[in-house]
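Undergrad: This is the structure I have questions about; it appears just below.
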Amino acid sequence: QVQLVESGGGLVQPGGSLRLSCAVSGSIFSINAMAWYRQAPGKERELVAAISSGGIIYYAESVKGRFTISRDNAKNTLYLQMNSLKPEDTAVYYCNKRTAPKLDWGQGTQVSVSS
């Protein structure tokens, strides 16, 4: 059973930075495109950024230029560096495969941006 464990969230002021990590158990990490998703209160989960096994990257328009996704295949870990955070970035952030079938969702990590 592959597990996803997200960490690194917290409360930060507008303009601040956070670095999220996602540890993936099992050997599937290196061969799959992975992604970060987020879900704000009352909204549907949305795709934030994705990275293929070969390093091809996608960003949602709302985070382009501010967020950077990366992966370390040797450590089975996915990262999301978030800079210039805005209140509208407040959400629970999750990682998962980019494509179906998705893995069981982890608990996510809360990111709150507020002054």
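Undergrad: Check 28, 56, 69 and return the single one that is under 16 Å from residue 3 (Cα atoms) and of a type in the set (Val, Ile, Thr).
TA: Result of the check over 28, 56, 69: 28.
Undergrad: Out of all the residues in the stretch 82-97, which are part of a loop (DSSP other than H, G, I, E, B) and closer than 16 Å to residue 35 by Cβ?
TA: Correct list: empty.
Undergrad: Ok, one more. Working only within the stretch 78-90, note down all residues that are buried (at least 18 other Cβ atoms within 10 Å of the Cβ) and under 11 Å from the mean Cα position of the chain (by Cα).
TA: Across the stretch 78-90, the qualifying residues are 78, 79, 80, 82.
Undergrad: Only one of 66, 45 is of a type in the set (Lys, Arg), out of contact with any Leu (no Cβ under 6 Å at 6 or more places or on another chain), surrounded by 14 or more Cβ atoms within 10 Å (Cβ to Cβ) and under 20 Å from residue 17 (Cβ atoms); which?
TA: Going through 66, 45 in turn, the sole match is 66.
Undergrad: Can you name the residue in the stretch 99-112 that is modelled with pLDDT of 95 or more and surrounded by fewer than 20 Cβ atoms within 10 Å (Cβ to Cβ) and is also nearest to residue 8 (Cα to Cα) among such residues?
TA: Ranking the qualifying residues of the stretch 99-112, first place goes to 110.
Undergrad: Also, quick follow-up: Is there a residue being at pLDDT 95 or above and within 18 Å of residue 2 (Cβ to Cβ) anywhere in the stretch 37-47?
TA: Yes, because at least one residue in the stretch 37-47 is at pLDDT 95 or above and within 18 Å of residue 2 (Cβ to Cβ).
The values are calculated or read from the model by the stated rules, or taken from the named source; none is laboratory data. Here the structure is a predicted model, which is why all the values come from computation and not from measurement. Heads up, the Cβs are rebuilt from the backbone with ideal geometry, glycines too, and the neighbour counts pull from every protein chain shown.
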